[in-house]
Structure formats: C-alpha cells, structure tokens
Amino acid sequence: MTRQQINAAYTAACTLYRAWGVNPEQALAALAAVPLSLHCWQGDDVRGLENPGASLTGGIVATGNYPGVARNGDELRADMLKASSLIAGVKRANVHAFYGEADGARVARDRLTPAQFTRWMRWSKQHGIALDFNPTFFSHPHAAAGMTLASADEHIRRYWIRHGIACRAIAQAMAENQGGPCVCNFWIPDGTKDVPVDRWTPRARLVDSYNRIFDPAHGVDPRKCIDTVEAKLFGIGSEEYTVGSHEFYLAYALKHGLTPCLDMGHFHPTETIHDKLSAILTFCDKVLLHVSRGIRWDSDHIVLLNDDVKNVFAELVRGQALHRMYLALDYFDASVNRIGAWVLGARATQQALLAALLEPQAALRDCEQRGDGAGKLALLEECKLLPLGAVWNYYCQTQGVPVGVEWLEAVRQYETRVLRKRQG
Ligand code: RNT
Ligand code: ZN
C-alpha cells in the first residue's frame, strides 16, 4: 500500500467513526501512550541463561524446534530489539531472574544481586526500554519436587524465600536505573498432580513465605518495585491442586496491598477474565495483565486478535481503567519464528486496544440508558464492521513501523541473515 492509499483509507475511516461521535486522532494518541511489556522468554523458549543444558519445569512447556533460538543474552536482546522495531508505541522488556549474566560464573538464585543484570540495565538505558522483572521459581533442582514457597521442606522453602527477597532488590535497582517503576511479578508452580488430602497446610506455608518476602523491613520502595502475584488454575503435573490459586492470590493481594496479576490463560478453558476487571479494580488500584491465549491445557499460545482480548480492552476503556493496568505479554511458541511470535502478539494486543478506543461509547451508553437493547446490540455489531484496519495502518505509518503484514519481510530477512546462522 502506498502512503497516499493509507492516508486516503484513514480519511474515509475517520468520516465513518466521526459519524458515531468517535475521535480517531484521540484514540491513536491514547494508544501510543500505553506501554506494553515484551517477555524476553519468547526468544529462547523459556530456557534462561543460567544453565544452557537445563530443561524447563514448573508445569509449563515450550514445544517446537524452529531454528534460530537465542543462545545467549546478546542474541536474546538483539532479537527483542528486532521485534521491538516492528511494534509501535512504548515498549518495556520483561526479564526473568534466570536471565541473569555472571560471565561464566554460577550465582545461586538466592544470592542474585543487581550485578547480574547490569547488561540488561545498560541495554535498557541505551534503548529507552524500561525493564520489568520476575523471580524464577522453576527449572531448578530445588523446584524439582513441585513445591517452592509452599514446600514442606524448610531448607527448600527458605531458599526460595531468599530468592524472592533478592528479586525485589533487583527490581528496585532496575527501577532506579530507569527512573520509573519496575513490576516484579511472583508466579510459582507449586501444586500436586493428584488429590491432596491436605490443601490447607501448603497454603498456610505460602502465606508465611510471602509475609517474609514482602516484609516492609526489607525497605523496598513500593513506588519503585511494584509487587504483583500471579495465580493459576493448573499446570502440567499439577492438574488437581495449585497452591497459588486465583482465590488465594486475590485475597492475599487485597489484604496486603499487592497488585494481582491476571493471566488470561490461567482459568478454566471457557472462563474469560473481562468480567473480573470491574470487580477486582473496584477494590484495588492496579492489576497486572498477562496477555495470553489458552488452548485446552495450554495457557500460553501466541496472542491473536480474538474476542477474549478485545473484550478485555473494551472493559478497560469503558471503565477508564487503562492507566490502572500493567500490560505484559506472556506466551511461548518454539514452533514458529520467535520474532514473528513477539510481533504477532504485540500487534494483536494493540489492535484490540485500538478497537476499544474507537468504540462509540456515548452512543452505546445512550442506547443502554434508554433501555434500547436492540439498538445497543445493533451498534455493537456495526462496530465490528467499521474500518479498524484503516486506522491501524495509518497508526503504523505515523509510528514508523511496517504497515499491514509488511513486517513479515523484515522478520524473514532477519531469519536468513541472523537466525539461520545460529544452527549447529
Ligand atoms: C506460567 C505463568 C508465568 C510464566 C512466566 C514464564 O504459567 O504464566 O507468568 O509464563 O513467568
Ligand atoms: Zn503469566
């Protein structure tokens, strides 16, 4: 598409949106200001940099062996930058604790310090990409029995408590480095494959572990390190019982002033999260969203522009709650070009957000208030046919990123030039 064609399509689209009382310029300005955190773990199939031979545990799996997986921190960061160059708007980068770099040395996870993340922080500053952080409670011998912070083995539980405390200090250092908050998200895999007779004691231990980790005595500044806790329904090998369930974490977060994290793939297969947002955000200030796509037993497929994602952003825009969200991608697919996976999910997320921002809210609310249900549904249906793509293409053009699927060309070139050379 030529520049003129893109502009002409946008102008025509604006006429249609304006007729419904929508201001597309305002929508695009709002879209450009919403930060999206890109998860580093899509680039290397959640392998981490700690131990090249280690396998992924914790009930999550990355299947596939598409060529070009990042083999070290430099490759991973280069790949993230490539992806980032094809995504508009404000980007952040989400790093896991087992992506620390110690120049060949091995630093135990309970002894990690900001020093192992200086490369990430330097890179962050250089490219203006703020960092978010996650302690890593999986892919480790001390997690092999399926329990970490809820473990009955005090030695193991203490180890992971120290890891959690260490990670909050690292997140705080990242925040200082970037002059703005760093989201530090806690997810643990703890659970059991089959029916536990005692569901209570592991939860009591988990509460105790978190009380120790989030103890104010550690002096972590809540404006710098944003503590978030992520629930899950089940994992591979923990199908029956997950200690950190949705109810557990929601209650814990509310009681202790932490931020809940909702991962879109962490609920029953037909359970969606858009209805939860207005409920949860009534009682807490912020929510971290892991934008993901569950399929059957897998919670982490590449995000696409589907109804689930569209409904989430519609809710957030309708509730004027965008600024109360931290948005982060979370999925891992090793069976396709990994840069493509990042770009697909990020763009789909932003498209869903744009669709929400272009919704004719005044007209819709007017129908609802007048009790005109058919009118409201008709208008919602009409919205599905409005030219979102024309506005999106114009946005990409003004943001200096490829329009339509032109980004594929850049991804293919990078695959030939860089990724294919990594084999062997
Ligand atoms: C796992 C959680 C968690 C992880 C990352 C790697 O089910 O969603 O967020 O995906 O921490
Ligand atoms: Zn997640």
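The values are calculated or read from the model by the stated rules, or taken from the named source; none is laboratory data. Just so it is clear, the structure is predicted and the values come from calculations on it, not from any experiment. Glycine also receives a Cβ, built like all others from the backbone with ideal geometry; neighbour counts cover every protein chain displayed.
So the values come out like this:
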item: Top-ranked residue in the range 179-203 [being more than 16 Å from ligand 1 (Cβ to nearest atom) and of a type in the set (D, E); ranked as surrounded by the fewest Cβ atoms within 10 Å (Cβ to Cβ)]; result: D194
item: Residue count for the range 221-269, restricted to those that are of a type outside the set (D, E), surrounded by fewer than 20 Cβ atoms within 10 Å (Cβ to Cβ), at pLDDT 95 or above and over 22 Å from V197 (Cα atoms); result: 11
item: Close pairs (8 angstrom Cβ cut-off, 6 or more residues apart or separate chains): closer than 19 Å to I188 by Cα and away from ligand 1 (no atom under 16 Å from the Cβ) in the range 207-233, of a type outside the set (F, W, Y) and assigned to a strand (DSSP E or B) anywhere; result: Y210/V229; F214/D227; C225/C182; C225/C184
item: Residues located in the range 254-264, provided they are without any contact (Cβ under 8 Å) to a residue 60 or more places away in the chain and within 15 Å of ligand 2 (Cβ to nearest atom); result: P260, L262, M264
item: Criterion violated by Y252 - all others in (1) under 16 Å from I188 (Cα atoms); (2) within 15 Å of ligand 1 (Cβ to nearest atom); (3) not aliphatic (A, V, I, L, M) satisfied; result: (2)
item: Residue ID - nearest to the chain's Cα centre (by Cα), chosen from residues in the range 102-122 that are under 13 Å from R77 (Cα atoms) and surrounded by 21 or more Cβ atoms within 10 Å (Cβ to Cβ); result: W120
item: Check on L281, buried (at least 18 other Cβ atoms within 10 Å of the Cβ) and either within 19 Å of the chain's Cα centre (by Cα) or more than 13 Å from ligand 1 (Cβ to nearest atom) (or both); result: yes
item: Tally of residues being part of a helix (DSSP H, G or I), surrounded by fewer than 15 Cβ atoms within 10 Å (Cβ to Cβ) and basic (K, R) across the range 349-399; result: 2
item: Residue among A30, A83, A78, A93 that is outside any loop (DSSP other than H, G, I, E, B) and within 30 Å of K376 (Cα to Cα); result: A30
item: S37, sole failed condition from (1) part of a loop (DSSP other than H, G, I, E, B); (2) touching a strand residue (DSSP E or B) at 6+ places or on another chain (Cβ under 9 Å); result: (1)
item: Residue match in the range 284-293 (condition: more than 16 Å from ligand 2 (Cβ to nearest atom), under 14 Å from F313 (Cα atoms) and at pLDDT 95 or above); result: no
item: Tally, over the range 73-86, of residues that are touching a residue at least 40 places away in the same chain (Cβ under 8 Å), among the aliphatic types (A, V, I, L, M) and buried (at least 21 other Cβ atoms within 10 Å of the Cβ); result: 3
item: Which listed residue is out of contact with any Ser or Thr (no Cβ under 8 Å at 6 or more places or on another chain) and at pLDDT 95 or above, from G128, G146, G164; result: G128
item: Top-ranked residue in the range 308-362 [being under 22 Å from E230 (Cβ atoms), among the charged types (D, E, K, R) and under 17 Å from the mean Cα position of the chain (by Cα); ranked as farthest from ligand 2 (Cβ to nearest atom)]; result: R324
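Every residue, every condition in (1) touching a helix residue (DSSP H, G or I) at 6+ places or on another chain (Cβ under 7 Å); (2) in a helix (DSSP H, G or I), yes or no:
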{"position": "N177", "(1), (2)": "yes, yes"}
{"position": "V183", "(1), (2)": "no, no"}
{"position": "D194", "(1), (2)": "no, no"}
{"position": "V197", "(1), (2)": "no, no"}
{"position": "T201", "(1), (2)": "no, yes"}
{"position": "S209", "(1), (2)": "yes, yes"}
{"position": "D221", "(1), (2)": "yes, no"}
{"position": "K232", "(1), (2)": "no, no"}
{"position": "L254", "(1), (2)": "no, yes"}
